Amino acid sequence: MTDNEHEIEQPDERVPKRVIGTPAPGTSMLGTAESAEADQDVPGVTLQDPAKARKAEKIVALCFTITFLAAIAFIISYVYFQVGSPEATGTSNLALGSTLTIAILGLAVGIVIWVRQIMPKYSLIQERHTMASEEADRDVVADTFLRGANESGFVKHKLLRRTLLLAAAPLGLVPLVLLRDLDNNRMPGARFNDQLRHTVWGEKTKEGKPLRLVVEGTGQPIRAADFNSPGGILSVVPEGYEHDLNALAKATLILIKFRPEEIKGGTRLNWTHDGIVAYSKICTHVGCPAALYEQNTHHILCPCHQSTFDAADGAKVIFGPAARPLPQLPISVDAEGFLIAQGDFEVPVGPSYWERGDAEAAAREKGGQA
Ligand code: FES
């Protein structure tokens, strides 16, 4: 046995291995002015032409400034353009989409140019190593990361740093601005989620009368006496809101005519008129319009995920992922025989949300006492 066979590597003599994405120990990762000369001699390092880098810096600053301006324009557009009618909603969508696209594009292009034309480039080599890195290797990574952060140019290039921060500030506000709609229409005294709980069916006309049910598309009010064919179905909206997309998104109904003997216990009879029943058209799964109706079985089918509701039995779920019935709207007729809403739905329409349970429990209790 020779002396060499007994030699054991001492920890303090060990040279850390190269780690992926890092230069060799002792070399600079991203060239600073001080390190540029030293980097000339490092194999694999490609330094940027200083003149080109200066030009690129101005272009990047311009991109970040464009991002800043476009993000401000997005916020102004969101507040300024009202939605509701198809035309107004289209204009708002165009303004929001184009300003946000320009903002994100400006940021992306700026960062790409920064990385490609300002930061120096390295050829890096990674040696395979065991799963867990040695303590010394981890120190090298941490040290390299800190040096990289210092040398990335974020500290050195003041113009880039300032314009990047300028661009990021309003862009970061964009998601917060979009949450503004959770503010209950900004009604004084309104509770959180009131906006989700109610539809316009609870409102009155200018003359203080209940809203009439009108045929979707034609706006024709419906006389109960004219809707007299059992098995018939109509898609219905509130009079005066035929073109208000926000209102229609929650208030659209399906109206079904039954023979009185067909109606089962799940349907609230005092909310029907002469065998005519009104249910929300908004599927309680994720909100598709559920309006495929099978006359023989009285099944309402939602085409999105096949939830099926029994229209004769309170629109209870008999198949599919929906978790609760389509809400029933209380209806009656006015003095002229036109169908009107007795009031709003007692439970929220559409997909479930976090406070729906409270509303439904309250409605069940109220229904049980009636
Ligand atoms: S939205 Fe109706 S079943 Fe999914």
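Filter the range 289-347 down to the residues that are more than 16 Å from the ligand (Cβ to nearest atom), farther than 27 Å from Leu245 by Cβ and either part of a loop (DSSP other than H, G, I, E, B) or of a type outside the set (Gly, Ala, Ser) (or both) and list them by number.
Those that are more than 16 Å from the ligand (Cβ to nearest atom), farther than 27 Å from Leu245 by Cβ and either part of a loop (DSSP other than H, G, I, E, B) or of a type outside the set (Gly, Ala, Ser) (or both): Gln295, Asn296, Thr297, His298, Asp313, Gly314, Val333, Ala335, Glu336, Gly337.
In the range 143-150, is there at least one residue being within 19 Å of Leu165 (Cβ to Cβ), polar (S, T, N, Q) and either in a helix (DSSP H, G or I) or not assigned by the TED database to the domain that holds Ile59 (or both)?
Checking the range 143-150: at least one residue is within 19 Å of Leu165 (Cβ to Cβ), polar (S, T, N, Q) and either in a helix (DSSP H, G or I) or not assigned by the TED database to the domain that holds Ile59 (or both).
Scan the range 288-334 residue by residue and report those that are at positive phi and open to solvent by less than 20 Å² (accessible area, probe 1.4 Å).
Of everything in the range 288-334, those that are at positive phi and open to solvent by less than 20 Å² (accessible area, probe 1.4 Å) turn out to be Gly314, Ala315.
I'm told Asp344 meets every condition in (1) over 18 Å from Ala291 (Cβ atoms); (2) at pLDDT 95 or above except one. Can you identify the failing condition by its number?
(2)
Within the bounds of the range 89-98, is there any residue that is within 26 Å of Glu57 (Cα to Cα), in a helix (DSSP H, G or I), out of contact with any helix residue (DSSP H, G or I) (no Cβ under 7 Å at 6 or more places or on another chain) and open to solvent by less than 80 Å² (accessible area, probe 1.4 Å)?
Yes - at least one qualifying residue is present in the range 89-98.
May I ask you to verify whether Arg128 is open to solvent by 50 Å² or more (accessible area, probe 1.4 Å) and either at pLDDT 85 or above or hydroxyl-bearing (Ser, Thr, Tyr) (or both)?
No; evaluated as a whole, the condition is false for this residue.
Taking the condition of being out of contact with any Gly (no Cβ under 9 Å at 6 or more places or on another chain), open to solvent by 70 Å² or more (accessible area, probe 1.4 Å) and within 28 Å of Arg116 (Cβ to Cβ), how many residues in the range 49-88 meet it?
The qualifying residues number 6.
Which condition number does Thr284 fail, the rest of (1) of a type in the set (S, T, N, Q); (2) modelled with pLDDT of 95 or more; (3) within 10 Å of the ligand (Cβ to nearest atom); (4) out of contact with any strand residue (DSSP E or B) (no Cβ under 6 Å at 6 or more places or on another chain) being met?
(2)
Mind checking which pairs have a first residue in the range 275-293 that is closer than 14 Å to Leu248 by Cβ and a second that is near the ligand (Cβ under 9 Å from one of its atoms) and outside any loop (DSSP other than H, G, I, E, B), Cβ under 6 Å, 6 or more apart or different chains?
Lys281/Pro289
Taking the stated definitions as given, is Ala168 closer than 30 Å to Ala53 by Cα and modelled with pLDDT under 90?
Yes; evaluated as a whole, the condition is true for this residue.
Looking at (1) in a strand (DSSP E or B); (2) surrounded by 18 or more Cβ atoms within 10 Å (Cβ to Cβ); (3) within 13 Å of the ligand (Cβ to nearest atom), find the lone condition where Ala278 falls short.
Just one mismatch for Ala278, condition (3).
Just a yes or no: is a residue in the range 237-244 small (Gly, Ala, Ser), more than 16 Å from the ligand (Cβ to nearest atom), under 27 Å from Leu211 (Cα atoms) and not assigned by the TED database to the domain that holds Pro86?
Yes, some residue in the range 237-244 is small (Gly, Ala, Ser), more than 16 Å from the ligand (Cβ to nearest atom), under 27 Å from Leu211 (Cα atoms) and not assigned by the TED database to the domain that holds Pro86.
Could you tell me which numbered condition Leu107 fails, if it satisfies all but one of (1) touching a Cys at 6+ places or on another chain (Cβ under 9 Å); (2) loosely packed, with under 14 Cβ neighbours inside 10 Å?
Answer for Leu107: the failing condition is (2).
The values are calculated or read from the model by the stated rules, or taken from the named source; none is laboratory data. Quantities reported herein were computed from a predicted structural model and do not represent experimental measurements. With ideal geometry, Cβ positions are generated from the backbone for all residues, glycine too; neighbour counts draw on all protein chains shown. Accessible surface is based on the protein model in full, side chains and every heavy atom, while ligands, DNA and RNA are left aside. Shrake-Rupley method; radii C 1.70, N 1.55, O 1.52, S 1.80 Å.
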